[in-house]
């Protein structure tokens, strides 16, 4: 009787204990349990479940170094986690790492020990940089404590060493500033494993402190899809401005999307989604000569909205292994708006970073992209007041063990100012100005280290009392996005119907990016340019770029100015202080243009500068492309033109066409030149290529003579018409 009572009592205690812990699967640690200070470490627990099932448990991590990922407050590092994450140990020692899994039936745990060697860097000594993955080149910033920088005898030395003997000094200088900057040319590094090291020396050449960064480059030369020092996405080395559509269906590719985009985001059809449907979609996009970013949330192994942080990373690895060599693949992306839902639902950045790390290890040739909700970059959205999110680089050290880190290689957001222009919270705010500032904040919060992107509304999104965006507003919003630093513009067309005029505006913008995208993606101009349109009701934003063009065989450095009038929408006047006039006059002040020529591309006209300035009149939502050049387009005699190559077709210096079969059109092979204009030797446009056509439409009567074919304003072909 006594024994029975004792056994029963013990049984009750065991069943009611809320902290009962059994053993989980062993923690997998990559690159291993023997690491160095500051080295990226990936932790993951095998889920041992089918890819199409999802673990709804709560995972919490204790890294043993004072950092946690767990449910609750108060520290910023306290957050829901998942079965995988990225962490950095910023001090040496042996650390016991524990993971706890809580379900409605109890709590399990697993433990491993990580041995960290090296030294902790002195406080304030940091390397700020983008991921080394899929980079052609990148700027790296060295943050130096002020007391070290003030001593002019202290020195900084940056070296890079490969495991096979490669060694190079990238920087070696005294007289330091609190921030030093250098360029790492990743493309010049041979295939190898590398250590980038920063050493601070005192006057006696003794090391004050050092930092190490380890990374692999598993290929020679450049990646298939890379990112250069201007944060331009480069496809096979060529900077490419992306214009994309969201969840495009196959029928949309054959309709409006054929001319509106050069890439798609996410998988756009199929009743159910699997690795096979992803392969099929990649094949479909290839048939339309379009790239794909994806699969977003349409993949086998992704969790439901409330537990996507527990998505199966083994499924991600299978997708990457199976399709990394597909020619239509542009970038990986696993989740749209991972910040949605608050801390209890969102995918924490260290979990997202682990997904990215697996992509990097398996596929060295493609970056990883995410799109955020964007509201946290607006001053009126919430208590953050435009200060960004935990996904930003600035402030990310609290999530990763004391070191700043990016969860992905390319980041964007979606904000729809026209759709929300009549919200009560927007009273006395100018929505388009806020829209422009949000991109500035996104770049600032990520220190302009990685590319950014944004969505543009091209139709009704929700049933709010706002009109459908007009074609001019679509172009304005797209150009604001470009001018404020985006390297990719995405159309949000997923709900509602688009008027045909809006589709034509989208086509126009895509065509502009085909023509000028490589210029926009280049480095900012060295010219000093300002304007006088910087107040409410009279605001023009612009960027400028320098490029060398070939006019009639002569090299000419031109400055391109891309400008847009930031115009508040009709109907929002009740919320803003200043009404938008129909037109505004803007004066641009440009250094050193008194003897130069200015061409207005949009209106096909020349503007005469007044000393070092020129003026223009802009209507609501207008955009402009100005070309400032020394030689202009005024050729007075025939010269030799530089031959170019397009695809596999060699363009000869002179093309001769007999006029006998033609009346007012001339056939031109579309694989040679697109978006072209024909000039006579006086600089007058006499013919243009029609959209979706292989023929030049002549403005007037065809006549014999010599003409100049211009593509992207580079004269590259001499055309002789004879009878």
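The conditions are (1) out of contact with any strand residue (DSSP E or B) (no Cβ under 6 Å at 6 or more places or on another chain); (2) buried (at least 20 other Cβ atoms within 10 Å of the Cβ); (3) modelled with pLDDT of 90 or more, and residue 501 fails exactly one of them. Which is it?
All conditions are met except number (2).
How many residues are in a loop (DSSP other than H, G, I, E, B), over 21 Å from residue 507 (Cα atoms) and either touching a helix residue (DSSP H, G or I) at 6+ places or on another chain (Cβ under 7 Å) or not assigned by TED's automatic domain parsing to the domain that holds residue 493 (or both) if we restrict to segment 256-300? If you could, list the steps in order and put the result at the bottom.
Here is the first cut: in segment 256-300, the ones in a loop (DSSP other than H, G, I, E, B) are 256, 261-262, 266-274, 288-290, 296-300.
Subset that is over 21 Å from residue 507 (Cα atoms): 267, 269-274, 296-300.
Add one more test, that the residue is either touching a helix residue (DSSP H, G or I) at 6+ places or on another chain (Cβ under 7 Å) or not assigned by TED's automatic domain parsing to the domain that holds residue 493 (or both), and what stays is 267, 269-270, 299-300.
Residues meeting the conditions: 5.
Since residue 508 meets every condition but one in (1) out of contact with any helix residue (DSSP H, G or I) (no Cβ under 6 Å at 6 or more places or on another chain); (2) surrounded by 19 or more Cβ atoms within 10 Å (Cβ to Cβ); (3) closer than 20 Å to residue 262 by Cα, which condition does it not meet?
Just one mismatch for residue 508, condition (2).
When segment 592-619 is examined, which residues are found to be touching a residue at least 40 places away in the same chain (Cβ under 8 Å), exposed (fewer than 14 other Cβ atoms within 10 Å of the Cβ) and assigned to a strand (DSSP E or B)?
619
Out of segment 466-478, which residues are in contact with a helix residue (DSSP H, G or I) (Cβ under 8 Å, 6 or more places away or on another chain) and crowded, with 24+ Cβ neighbours inside 10 Å?
469, 474, 476, 477, 478 - these are the residues of segment 466-478 that are in contact with a helix residue (DSSP H, G or I) (Cβ under 8 Å, 6 or more places away or on another chain) and crowded, with 24+ Cβ neighbours inside 10 Å.
For segment 53-161, which fully contained strands (runs of 3 or more DSSP E) count at least 1 residues that are more than 33 Å from the chain's Cα centre (by Cα) and not assigned by TED's automatic domain parsing to the domain that holds residue 308? Full working, then the answer.
Working: elements: 58-62, 84-87, 93-103, 106-117, 126-128, 138-143.
Where strands (runs of 3 or more DSSP E) fall fully within segment 53-161 and carry at least 1 residues being more than 33 Å from the chain's Cα centre (by Cα) and not assigned by TED's automatic domain parsing to the domain that holds residue 308, they are 93-103, 106-117.
Every residue, every condition in (1) over 20 Å from the mean Cα position of the chain (by Cα); (2) crowded, with 18+ Cβ neighbours inside 10 Å; (3) under 23 Å from residue 397 (Cβ atoms), yes or no:
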| position | (1), (2), (3) |
| --- | --- |
| 319 | yes, yes, no |
| 323 | yes, yes, no |
| 331 | no, yes, no |
| 334 | no, yes, no |
| 337 | no, no, no |
| 341 | yes, no, no |
| 354 | no, yes, yes |
| 363 | no, yes, no |
| 375 | no, yes, no |
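Condition check: modelled with pLDDT under 95 and in contact with a strand residue (DSSP E or B) (Cβ under 6 Å, 6 or more places away or on another chain). Does residue 267 satisfy that?
Details: modelled with pLDDT under 95: yes; in contact with a strand residue (DSSP E or B) (Cβ under 6 Å, 6 or more places away or on another chain): yes.
Yes; evaluated as a whole, the condition is true for this residue.
Considering segment 199-240 alone, what residues qualify as being closer than 22 Å to residue 325 by Cα and part of a loop (DSSP other than H, G, I, E, B)?
218, 219, 220, 221, 222, 223, 224, 228, 232, 236, 237, 240
Are any residues in segment 401-415 out of contact with any helix residue (DSSP H, G or I) (no Cβ under 6 Å at 6 or more places or on another chain) and at pLDDT 95 or above, and if so, which ones?
401, 402, 406, 409, 410, 411, 412, 413
Name the residues in segment 179-190 that are assigned to a loop (DSSP other than H, G, I, E, B) and surrounded by 14 or more Cβ atoms within 10 Å (Cβ to Cβ), would you?
Step one: list which residues in segment 179-190 are assigned to a loop (DSSP other than H, G, I, E, B), which gives 185, 189-190.
185, 189 - these are the residues of segment 179-190 that are assigned to a loop (DSSP other than H, G, I, E, B) and surrounded by 14 or more Cβ atoms within 10 Å (Cβ to Cβ).
Inside segment 343-376, can you point out the residues that are in a loop (DSSP other than H, G, I, E, B) and at pLDDT below 95? It would help to see each step written out before you state the result.
Filtering segment 343-376 for residues in a loop (DSSP other than H, G, I, E, B) gives 343-348, 363-367, 373-374.
343, 344, 345, 346, 347, 348, 373, 374 - these are the residues of segment 343-376 that are in a loop (DSSP other than H, G, I, E, B) and at pLDDT below 95.
The values are calculated or read from the model by the stated rules, or taken from the named source; none is laboratory data. Keep in mind it's a predicted model, so treat the numbers as computed, not measured. When we count neighbours, we look across all protein chains shown, and the Cβ atoms used for this are built from the backbone with ideal geometry, even at glycine.
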